[in-house]
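Please treat every number below as a calculation from the coordinates, not as lab data. Everything quoted here is computed from the prediction, not taken from an experiment. All Cβ positions, glycine included, derive from the backbone under ideal geometry; neighbour counts span all protein chains shown.
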Amino acid sequence: MHELQIASNLVQAVIQAASGYDHVQLVEEVHLSIGRLAFIGEEQLRFCWGAVTDEKELLKGSKLIITKEEVEVSCPSCGYKGDLGVKEDPLYHYMIPVFACPKCSSDVEILKGKGITVNNVKLIIDDEEEE
Ligand SMILES: [Zn+2]
């Protein structure tokens, strides 16, 4: 399962980030941005996050705060910069992005919206909170 792999990679990354601080008691929140082209099921990711973090003392009960990152592409042919066009797939009721320039239909380069980024991790450090 795609999301399970992602959740455990994220957990590793957060644990590593938290190890840079002293006296970390708990990770309270993990803020993520997920590109619209990353095709990650938010529900599944939350479910997997719960399953993976349940085994980790440091992350047990931590919350995932997810923001969607918009897509930005650039077209080498006409210089267009912006979102991709989408077409609706009536069979699956999905909006499928079209990987071509909305202006001239050339192949585009994807600048944003493909990956997952950890923006912020909220830790509980002994008696004082830190963001
Ligand atoms: Zn173009």
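Sort 74-83, 58-67 for me by packing, meaning the mean count of neighbouring Cβ atoms within 10 Å per residue, highest on top. Kindly include the intermediate steps, with their values, before the conclusion.
On the way: 74-83: 13.8, 58-67: 15.3.
Most protected by this proxy first, the peptides run 58-67, 74-83.
Would you work out which of G79, N119, V11 lies farthest towards the positive end of the dipole of the chain, given +1 charges on the beta-carbon of Lys and Arg and -1 on that of Asp and Glu, about the Cα centre?
G79
State to the nearest 20 debye the size of the charge dipole of the stretch 71-112 about its Cα centre, where the only charges are +1 on K and R beta carbons and -1 on D and E beta carbons. Don't jump to the answer; show the numbers that get you there.
Numbers: 4 positive and 6 negative charges, 25 e Å.
The calculation lands at about 120 debye.
Along the Cα→Cβ direction, 7 angstrom out, place labels at D22 and E70. What is the inter-label distance in nm?
Result for the modelled spin labels: 4.4 nm.
Relative to the longest principal axis of the C-alpha atoms of the chain, give the angle of the C-alpha long axis of helix 42-53, reported between 0 and 90° and rounded to the nearest 10°.
30 degrees
Beyond 18 Å, how much of the Cα-Cα pair distribution for the stretch 71-112 remains, as a whole percent?
Values: 230 of 861 pairs.
The calculated P(r) of the stretch 71-112 puts 27 percent of pairs beyond 18 Å.
Sort 26-34, 101-109 for me by packing, meaning the mean count of neighbouring Cβ atoms within 10 Å per residue, highest on top. It would help to have the intermediate numbers written out before the result.
Working: 26-34: 18.8, 101-109: 15.0.
With the highest mean Cβ count within 10 Å placed first, the list reads 26-34, 101-109.
Based solely on C-alpha atoms, express the radius of gyration and the Dmax of the chain in angstrom.
Just the Cα atoms of the chain yield Rg and Dmax of 18.3, 58 Å.
Taking the 0 to 90 degree range and rounding to the nearest ten, how far is the long axis of helix 2-18 tilted relative to the main principal axis of the chain, both from C-alpha atoms?
50 degrees
Gain in length, H31 to D126, computed as 0.36 nm per residue apart minus the alpha-carbon separation, to one decimal in nm? The partial results should precede the final answer.
Numbers: separation 95, 0.36 × 95 = 34.20 nm, distance 2.09 nm.
Computed gain between H31 and D126 is 32.1 nm.
Counting helices only, and only those DSSP H runs with n ≥ 4, report the 222 nm mean residue ellipticity of the chain as the sum of -39,500 (n - 2.57) divided by its residues, in deg cm²/dmol to the nearest 500.
Values: 2 runs with 29 residues, N = 131.
Helices in the chain give a 222 nm mean residue ellipticity of -7000 deg cm²/dmol.
Spin-label point model (7 Å from Cα, Cβ direction): what's the K103 to K87 distance in nm?
Label-label distance for K103 and K87, simple model: 2.2 nm.
Run the dipole for the chain about the Cα centre, Lys and Arg Cβ at +1, Asp and Glu Cβ at -1, nothing else charged, and hand back the magnitude in debye, nearest 20.
On the way: 12 positive and 23 negative charges, 163 e Å.
With Lys and Arg at +1 and Asp and Glu at -1, about 780 debye.
Which number gives the lysine pairs in the stretch 1-127 that have C-alpha atoms under 27 Å apart and are eight or more places apart or on different chains?
23
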